[in-house]
2 protein chains.
Amino acid sequence: MAELIDGKQLAKKLNAETKVAVDELKASGITPKLVVIIVGGDGASEIYVRNKHRKAEQLGIISEVTRLSATISQAELLEVIETYNQDDSVHGILVQSPLPSHIDEPTITRAITPTKDVDGFNPVNVGKLYTHSALNFPVSCTPKGIMTMLKAYHVPTAGKNAVIVGRSNIVGRPMAALLLNASATVTVVHSQTKDMKAYTREADILVVATGIPHLITGADIKPGATVIDVGMDRDEEGHLTGDVEFESANQVAGKLTPVPGGVGPMTIATLMQQTVELAKWSE
Amino acid sequence: MAELIDGKQLAKKLNAETKVAVDELKASGITPKLVVIIVGGDGASEIYVRNKHRKAEQLGIISEVTRLSATISQAELLEVIETYNQDDSVHGILVQSPLPSHIDEPTITRAITPTKDVDGFNPVNVGKLYTHSALNFPVSCTPKGIMTMLKAYHVPTAGKNAVIVGRSNIVGRPMAALLLNASATVTVVHSQTKDMKAYTREADILVVATGIPHLITGADIKPGATVIDVGMDRDEEGHLTGDVEFESANQVAGKLTPVPGGVGPMTIATLMQQTVELAKWSE
């Protein structure tokens, strides 16, 4: 049986640290503030936004949720973002995905000023990550949270064989960059990879972020490997499940994140951590 | 025997295309202009700069070489760069490496305005590359030139196993990004990788950029693989040689770049190509 990586517990610990950092910042006259912009918004977006808002408030971060109509023009949305860019009381700005199809998401991503880009999606922050910059800059929260998990569970990275399944800008690519910066040997496999499982079976660290339920089973995992499941999928009965088939993976992996209770809670805790870091760096 | 990838011939062809593009731009009233800044400068830098200058002139690109004293302060250098950033007649700005140790190279890299960043090193351009942006942006010339070589020699990338040896910001990392964007399965190995050659032996496309003469021999290459040697090393007798041991690699590889006459000529031809692209995009 694998050691379970308890994301819920770790998020609790990280949130407690964030709370202390918030109190310290407040004592120095800065109250961290996060603005979440939601355009139109479906049920899932509403839940995500509500969870972020609640967590921010719990930690003493000012959370402002700006709800905009699904019919807002791109120019109007850019104006709203620019208002927050200029507002010194705001430290983090996040535009909730997905956006209506008439709005170009990369344009929105570039519009958020890099120093308030709490999602870490602005190309200038991605570029700093990918060039292993020594400066302070935000990083996509899910992979950053995964690095925190690996550290907390004493998973070495230098010289280890890390395989990332999926090449999204939100998880796969920044995860690869973080692990490369941490001196792992890094392979990115994806939908066009031939014999993907030949790679996953060799991974000391396996991060799976595809959105395909149970793509990876125990047979695809190296015995003793650390397996990070980023999936938030629904099984046939509508239950939340991961990209990794838990029961069989649990027999083979050395360390394993459950779904739910693994990566998910760490992503939101990392968002809070990063909001406070942005506030601190703004000093 | 491998098919040799003739970088010299290919560079000639690319330069001819660039010349046509320059003539077209001139007809529309724009003369592409490249500024190369050299600070102090050793013998090697002088040779590189002279080669760039000569090639630019041959192609009808205005080339301005600005020689600054090795004792110039960082602030003064930043001022010089800013003058060229503001000068509408300048389309590409390049600061020749290496810089004196009192100057912080990443700061200089970030100072060149992204639209004139002909080396493609500014984080905002790196970020566009790593997020696979659909916009026009410059890319590090050596890996961009390698992509041109792969295309010219009809080397497929999608689904192929690409292994990059070396993780520098100039070659290894942007090469990995370009190949990932081209749907290869991409592995980056480096000095901390355990059993590096277990990876190189599986590569369909192998790009070696380490600066270690003859690190890779025929025994480390998959039969039929495409091998790109970025090395510009000196052997014990002082002759130019690559990171790949040519004679043995030639027996195993399907396609192979020689040193000299492989990647080298393509890098400078790509720099010219990109200067003209920047001029075109500035319209």
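Being buried (at least 20 other Cβ atoms within 10 Å of the Cβ) and either in contact (Cβ under 8 Å) with a residue 40 or more places away in the chain or among the charged types (D, E, K, R) (or both) is the filter here, so list the residues in the stretch A:50-64 that pass it.
A:Lys52, A:Lys55, A:Ala56, A:Leu59, A:Ile61
If I filter the stretch B:106-113 for residues that are surrounded by 24 or more Cβ atoms within 10 Å (Cβ to Cβ), farther than 16 Å from B:Val80 by Cβ and within 11 Å of chain A (Cβ to nearest Cβ), do I get at least one hit?
Scanning the stretch B:106-113 turns up no residue that is surrounded by 24 or more Cβ atoms within 10 Å (Cβ to Cβ), farther than 16 Å from B:Val80 by Cβ and within 11 Å of chain A (Cβ to nearest Cβ).
Can you report the number of residues in the stretch B:1-23 which are under 10 Å from B:Pro265 (Cα atoms), out of contact with any Pro (no Cβ under 7 Å at 6 or more places or on another chain) and among the basic types (Lys, Arg)?
1
Test A:Ala209 against the stated conditions and say whether it is touching a Lys or Arg at 6+ places or on another chain (Cβ under 8 Å), closer than 24 Å to A:Ala11 by Cβ and aliphatic (A, V, I, L, M).
no
Just checking, does the stretch A:72-81 include any residue being among the polar types (S, T, N, Q), within 24 Å of A:Gly231 (Cβ to Cβ) and at pLDDT 95 or above?
no
Looking at B:Ala249, B:Ala225, B:Ala269, which one is farther than 23 Å from B:Pro174 by Cβ and hydrophobic (A, V, I, L, M, F, W, C)?
After applying the criteria, what remains is B:Ala249.
Filter the stretch B:220-234 for residues that are in contact with a helix residue (DSSP H, G or I) (Cβ under 9 Å, 6 or more places away or on another chain) and surrounded by fewer than 20 Cβ atoms within 10 Å (Cβ to Cβ) and give the result.
Passing the criteria: B:Lys222, B:Pro223, B:Gly224, B:Met232.
With the condition being without any contact (Cβ under 8 Å) to a residue 24 or more places away in the chain and among the basic types (Lys, Arg), I'd like the helices (runs of 4 or more DSSP H) fully within the stretch A:65-150 carrying at least 1 qualifying residues.
The helices (runs of 4 or more DSSP H) meeting that bar are A:105-111, A:123-130.
In the list B:Glu237, B:Glu283, which residue meets the criterion of being surrounded by fewer than 22 Cβ atoms within 10 Å (Cβ to Cβ) and closer than 24 Å to B:Val118 by Cα?
B:Glu283
Restricting the search to the stretch A:197-252, which residues are without any contact (Cβ under 8 Å) to a residue 40 or more places away in the chain, in a loop (DSSP other than H, G, I, E, B) and of a type in the set (A, V, I, L, M)?
A:Ile212, A:Ile221, A:Ala225, A:Met232
Step by step: first the residues of the stretch A:148-162, then only those that are surrounded by 21 or more Cβ atoms within 10 Å (Cβ to Cβ) and either at the interface with another protein chain (Cβ under 9 Å from one of its Cβ atoms) or within 11 Å of the chain's Cα centre (by Cα) (or both), then the one that is nearest to B:Ala162 (Cα to Cα). Which residue is that?
Here the residue is A:Asn161.
Against the definition (within 13 Å of chain B (Cβ to nearest Cβ), in contact with a Pro (Cβ under 8 Å, 6 or more places away or on another chain), surrounded by 24 or more Cβ atoms within 10 Å (Cβ to Cβ) and at pLDDT 95 or above), how does A:Gly166 come out, yes or no?
It is false that A:Gly166 is within 13 Å of chain B (Cβ to nearest Cβ), in contact with a Pro (Cβ under 8 Å, 6 or more places away or on another chain), surrounded by 24 or more Cβ atoms within 10 Å (Cβ to Cβ) and at pLDDT 95 or above.
Which residues, taken from the stretch A:125-145, are of a type in the set (A, V, I, L, M, F, W, C) and either away from chain B (no Cβ under 14 Å) or more than 25 Å from A:Ala56 (Cβ to Cβ) (or both)?
Within the stretch A:125-145, A:Ala134, A:Leu135, A:Cys141 meet the criteria.
In the list A:Asp229, A:Asp117, A:Asp195, which residue meets the criterion of being among the acidic types (Asp, Glu) and facing chain B (nearest Cβ under 10 Å)?
A:Asp195
Test A:Ile37 against the stated conditions and say whether it is among the aliphatic types (A, V, I, L, M), assigned to a strand (DSSP E or B) and more than 16 Å from A:Met272 (Cβ to Cβ).
yes
In the stretch A:22-37, what residues are in contact with a Leu (Cβ under 9 Å, 6 or more places away or on another chain) and surrounded by fewer than 20 Cβ atoms within 10 Å (Cβ to Cβ)?
Residue satisfying the conditions is A:Thr31 alone.
The values are calculated or read from the model by the stated rules, or taken from the named source; none is laboratory data. Everything quoted here is computed from the prediction, not taken from an experiment. In this analysis, Cβ positions are derived from the backbone assuming ideal geometry, glycine residues included, and neighbour counts consider all displayed protein chains.
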